[in-house]
Structures are given as structure tokens and as C-alpha cells.
Amino acid sequence: VQEGKKAEYLRAAAVADRGVMLSEPGMLHHTFDELDGEAFDFCWSEVYANDSALAAHLANPVVGEYLTAHAEFGADFAVEIYGSVGSELRETLGGLPFPVQIYPTALGYSRVSTSPDSLSASVVGTAPEAFGAATPFILVARVKVQEGKKAEYLRAAAVADRGVMLSEPGMLHHTFDELDGEAFDFCWSE
């Protein structure tokens, strides 16, 4: 966020958050999390039902209004997708006015329900006080593998993934996505 524009930015983000909640049933999780302020100040954490849900999000007028506000109050914007997307959505993402990095899923599972009945019942709220110990959250763990140990690491990750799937019903989404291999090789998205 631009220096001295945090209050204006937060107002624009709150309007976008509420608008998305009311108009996008394919948006399963949508939070605006505060970061340390060094590289970035905030992070949108979003879970989509499928490619169509993200396409609908990008076409949503409230998102366009938010991006207009970002152009006025924001300083930088980048998107990372942890998961595999189809070629049509990939093409759309490539045409956006900000960088989008896609890290395809190497293994994993999801228990996040995309049935219409569960979507409306699962809305928690948009105020920070609505979130806490009893609400869903996202954990991202980046992994650097030792040189020459990628195959062994993938086998161990597959065993861990299956074990978590069979023993942790509270783990709603668990994927192991391949990164670019520069700083980190893989990322657990949980």
C-alpha cells in the first residue's frame, strides 16, 4: 500500500470483500491478511471451487472497482496460484495487468465442499473478530529439497499426504505444489 494510504486501501478492500461474499458462490474462502509490511502489507487468501469460479471473480465488477482503488492507493500487486488450472484460465491469467505465478499440484487432495447447499451455510463473516480458533485458515509451507534428493523427497511427501488424508479429517485441503526451484522447490498448501 502507498505510504499514508492504508485507511483508504482498507476501506476499498472491505467493500471488495463484502461484494465478493455476496456475489460469488464459487469463492469458498476469502480473507485479507496483514503481513509484516516489508515486501507486502497485505495478502488476499482465496480458495476457488474451480476454474470457472476464478474466471467469474476476475469478471466481477466489484473486483474491477477494487483494482481501480488499488491503482490509486496501492504500490504493488502479485498473485501466486498453488494448484493446477486449465489452459483457458491460464491464458486469461496471462493477460492480467499484474504478475501471476502458477505452481501446479504434484499431489494432494481436497475436502473443501463445492456443493451449493454447503456454500451458503459456510459463510463466516467479513469482520476480523469473526475469525479465530474455530474458523478455517490457510497454511503455506515452502520446501527446499537437498541436491539430488528430489525423487526420495517426493516419495516421502506422497506418504505424508496419504497419511494426513487418512488421519486428519480437519485438514480440508492438502496439496504439494511444484515451485520454480530457485528459492524453494515445493509448497504445501493446507
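The values are calculated or read from the model by the stated rules, or taken from the named source; none is laboratory data. All values derive from a computational prediction rather than experimental measurement. Using ideal geometry, Cβ is built from the backbone for each residue, glycine included, and neighbour counts are taken over all protein chains shown. Note: areas computed on protein heavy atoms with side chains; ligands, DNA, RNA excluded. Shrake-Rupley method; radii C 1.70, N 1.55, O 1.52, S 1.80 Å.
Ordered from largest to smallest accessible area (heavy atoms of protein chains, 1.4 Å probe), the residues VAL164, VAL20 come out as VAL164, VAL20.
Between beta-carbons, use under 15 Å as the cut-off and find the net charge around PHE184, counting Lys and Arg +1, Asp and Glu -1. Neighbour charge sum, excluding PHE184 itself: -3. If only the Cβ of Lys and Arg carry +1 and only the Cβ of Asp and Glu carry -1, the dipole of the stretch 1-77 around its Cα centre is close to 320 debye. Here TRP44 sits with roughly 50 square angstrom of accessible surface, probe radius 1.4 Å.
Could you please report the charge total around HIS174, scoring K, R as +1 and D, E as -1 over all other residues with beta-carbon less than 9 angstrom from its beta-carbon?
Taking every other residue near HIS174 into account, the sum is -2.
When the Cα gyration tensor is reduced to axis lengths a ≥ b ≥ c, the ratio a/c is 1.5 or higher for the stretch 1-47, and with a/b not above b/c it is classed as oblate.
Considering helices alone, the calculated mean residue ellipticity of the chain at 222 nm is -12000 deg cm²/dmol, with DSSP H runs of length four and up weighted by -39500 (n - 2.57) and normalised per residue. Just check the stretch 36-80 against the gyration tensor rule for me: Cα atoms, a ≥ b ≥ c as the square roots of the eigenvalues, rounded for a/c under 1.5, and otherwise prolate or oblate depending on whether a/b exceeds b/c. Here the stretch 36-80 falls in the oblate category. Excluding same-chain neighbours fewer than eight residues apart, the aspartates and glutamates reachable from LYS144 by a Cα-Cα span under 14 Å are GLU152, ASP177, GLU178, ASP180, GLU182, ASP185.
Over the Cα atoms of the chain, the radius of gyration divided by the Kirkwood radius equals 0.97; this is the Rg/Rh ratio. Across the chain, C-alpha contacts under 8 Å between residues 6 or more apart give a mean separation that, scaled by the residue count, equals a relative contact order of 20 percent. Computed on protein heavy atoms with a 1.4 Å probe, the accessible areas place ARG155, ARG142 in the order ARG155, ARG142, largest first. Would you give the gap between the C-alpha center of the stretch 22-89 and the C-alpha center of the stretch 133-177, rounded to a whole Å? Using only Cα atoms to place each centre, the spacing works out to 24 Å.
For ALA106, nonlocal amide neighbours, meaning residues 5 or more places apart or on other chains whose placed amide H falls under 5 Å from its own, are PHE176, ASP177, GLU178. Taking a straight Cα-Cα cut-off under 20 Å and skipping sequence neighbours fewer than 8 places away in the same chain, no lysines fall within cross-link reach of LYS5. Which residue, ILE81, ALA71, LEU58, has the largest displacement toward the positive end of the dipole of the stretch 49-110 when charges sit on each Cβ (Lys, Arg +1; Asp, Glu -1)? It is ILE81.
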